[in-house]
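These notes are about the structure you will find just below.
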Amino acid sequence: MEANGLGSQGFPELKNDTFLRAAWGEETDYTPVWCMRQAGRYLPEFRETRAAQDFFSTCRSPEACCELTLQPLRRFPLDAAIIFSDILVVPQALGMEVTMVPGKGPSFSEPLREERDLERLRDPAVVPSELGYVFQAITLTRQRLAGRVPLIGFAGAPWTLMTYMIEGGGSSTMAQAKRWLYQRPQASHQLLHILTDALVPYLVGQVAAGAQALQLFESHAGHLGPQLFSKFALPYIRDVAKRVKAGLQEAGLAPVPMIIFAKDGHFALEELAQAGYEVVGLDWTVVPKKARKLVGKTVTLQGNLDPCALYASEEEIGRLVQQMLDDFGPRRYIANLGHGLYPDMDPEHVGAFVDAVHRYSRLLRQN
């Protein structure tokens, strides 16, 4: 680190690297903690900032993204920030029109219906230049964080993005997207390749812009069984990690820890642990001790308190956190929820969760 307190990229020097050390598998003084969707509607200040404009306009404003990313850190002593953005900016950059419908979620005006619809997609090489606003948000946020905690960048995994592009929005069955896997396996692989080719430079670009870790969200893993997952999701998850790491090296950038979070992908934990990621995120349906047995000692686990546990009393939250930390143990572990925070959650209870992790994990290490 240079004498002026600025790091090699000209960013302020990092003061709290506990999250990064845990991700790399090093010893830490306490268990680091952050929450998926910590920048979210459960915070009144978030609702206020977001009220003025439509969702994707917010995503395209580096200033707004920076503000929303920093809000939870002003309230809670979290150990990492995650940039405010959305996984669907990638399909947008590929030329698809997406709007966020209040109360309904994302909606694609023209989803992919036929094989020939793939021809409508832009060349994945244009994605980084289309998503310059995300890079600007990351750089701005990294400067404003002033080294308090590391900044996480993220993207959706190919299969999860594919489901939205074909379904045209959310779905309880993903039947249209899965129909493609069975009826049009070749076109499915073609689409998944296009998405992988878009994601790799996008993720490398996030690190170049200042992201210090990356999380890949395979949010719809649970709609696939083990066979479809190993054919249409896992190869691309692996490919993203391998190519991002090679891309960072080529660009002369230091490696960053990568996290894979495959929601409801409990059937693929062993494979995910060997997919080239330093951290495997777990949802709340996974038993910590079983997960540790399956993934072995060479990856860090992240998770996995049931988000709904935050509806419990603060005392009960403390007990549940204690149980979770006992089950995961102090090494190679990052505390988190098993999915994102919900809009009606009490910020005080989020604070109780964060404090319980810090307090109890320090006690554990003393004993």
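Residues in segment 34-66 that are in a loop (DSSP other than H, G, I, E, B) and either more than 21 Å from ARG142 (Cα to Cα) or more than 19 Å from the chain's Cα centre (by Cα) (or both): ARG41, TYR42, LEU43, ALA52, GLN53, ASP54, SER61. In segment 6-24, the condition of being free of Cβ contacts under 8 Å to residues at least 40 places away in the same chain, in contact with a strand residue (DSSP E or B) (Cβ under 9 Å, 6 or more places away or on another chain) and either open to solvent by 10 Å² or more (accessible area, probe 1.4 Å) or outside any loop (DSSP other than H, G, I, E, B) (or both) is met by at least one residue.
Scanning segment 73-103 for residues that are within 18 Å of LEU337 (Cα to Cα) and of a type in the set (Lys, Arg) turns up just one, ARG75. Criterion applied to PRO111, PRO102 was being under 30 Å from ARG179 (Cβ atoms), surrounded by fewer than 22 Cβ atoms within 10 Å (Cβ to Cβ) and in contact with a Gly (Cβ under 8 Å, 6 or more places away or on another chain), and the one residue passing it is PRO111. So, GLY95, is that one in a loop (DSSP other than H, G, I, E, B), free of Cβ contacts under 8 Å to residues at least 40 places away in the same chain, farther than 24 Å from VAL204 by Cβ and not hydrophobic (A, V, I, L, M, F, W, C) or not? No, not satisfied. Taking the criterion of being modelled with pLDDT of 95 or more, in contact with a Leu (Cβ under 9 Å, 6 or more places away or on another chain) and open to solvent by 40 Å² or more (accessible area, probe 1.4 Å), the residues of segment 50-97 that qualify are GLU63, ARG75, GLY95. Taking the listed residues GLY303, GLY281, the one that is open to solvent by less than 10 Å² (accessible area, probe 1.4 Å), touching a residue at least 12 places away in the same chain (Cβ under 8 Å) and on the phi > 0 side of the Ramachandran plot is GLY303, with no other qualifying.
Look at segment 170-201 and say how many of its residues are open to solvent by less than 10 Å² (accessible area, probe 1.4 Å) and not aliphatic (A, V, I, L, M). Explain how you work it out, then say what you get.
We begin by selecting, within segment 170-201, every residue open to solvent by less than 10 Å² (accessible area, probe 1.4 Å); these are 174, 177, 180-181, 187-188, 191-192, 195-196, 198-199.
The next check asks that each one be not aliphatic (A, V, I, L, M); those that pass are 180, 188, 196.
Residues flagged as open to solvent by less than 10 Å² (accessible area, probe 1.4 Å) and not aliphatic (A, V, I, L, M) within segment 170-201 amount to 3.
Taking the condition over 16 Å from the mean Cα position of the chain (by Cα), surrounded by 15 or more Cβ atoms within 10 Å (Cβ to Cβ) and charged (D, E, K, R), does GLU250 pass? No. Screening GLN136 against (1) within 30 Å of LEU20 (Cα to Cα); (2) of a type in the set (S, T, N, Q); (3) touching a strand residue (DSSP E or B) at 6+ places or on another chain (Cβ under 9 Å); (4) open to solvent by 20 Å² or more (accessible area, probe 1.4 Å) leaves a single unmet condition, (3).
Table: residues versus (1) within 23 Å of PRO106 (Cβ to Cβ); (2) touching a strand residue (DSSP E or B) at 6+ places or on another chain (Cβ under 6 Å).
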site: THR160; (1), (2): yes, yes
site: SER171; (1), (2): yes, no
site: GLN176; (1), (2): yes, no
site: THR196; (1), (2): yes, no
site: LEU203; (1), (2): yes, yes
site: GLY210; (1), (2): no, no
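The sole residue among GLU167, GLU218 that is charged (D, E, K, R) and open to solvent by less than 10 Å² (accessible area, probe 1.4 Å) is GLU218. Just one of (1) under 30 Å from ASP17 (Cβ atoms); (2) assigned to a helix (DSSP H, G or I); (3) touching a residue at least 60 places away in the same chain (Cβ under 8 Å); (4) of a type outside the set (D, E, K, R) fails for VAL200. It is (3). When restricted to residues that are open to solvent by 40 Å² or more (accessible area, probe 1.4 Å) and either free of Cβ contacts under 8 Å to residues at least 40 places away in the same chain or among the polar types (S, T, N, Q) (or both), segment 328-344 contains 0.
Restricting segment 114-125 to residues that are assigned to a loop (DSSP other than H, G, I, E, B) and not hydrophobic (A, V, I, L, M, F, W, C), the residue that is surrounded by the fewest Cβ atoms within 10 Å (Cβ to Cβ) is GLU114. Each residue in segment 345-366 was checked for being over 16 Å from GLN323 (Cβ atoms), free of Cβ contacts under 8 Å to residues at least 40 places away in the same chain and open to solvent by 50 Å² or more (accessible area, probe 1.4 Å), and 2 of them qualify.
The values are calculated or read from the model by the stated rules, or taken from the named source; none is laboratory data. What you see is a predicted model, and the numbers here were worked out from it, not measured in a lab. All Cβ positions, even for glycine, are placed from backbone atoms using ideal geometry, and neighbour counts span all protein chains on display. When the accessible area is computed, the model is the full protein with side chains, heavy atoms only, and any ligands, DNA or RNA have been set aside. Shrake-Rupley method; radii C 1.70, N 1.55, O 1.52, S 1.80 Å.
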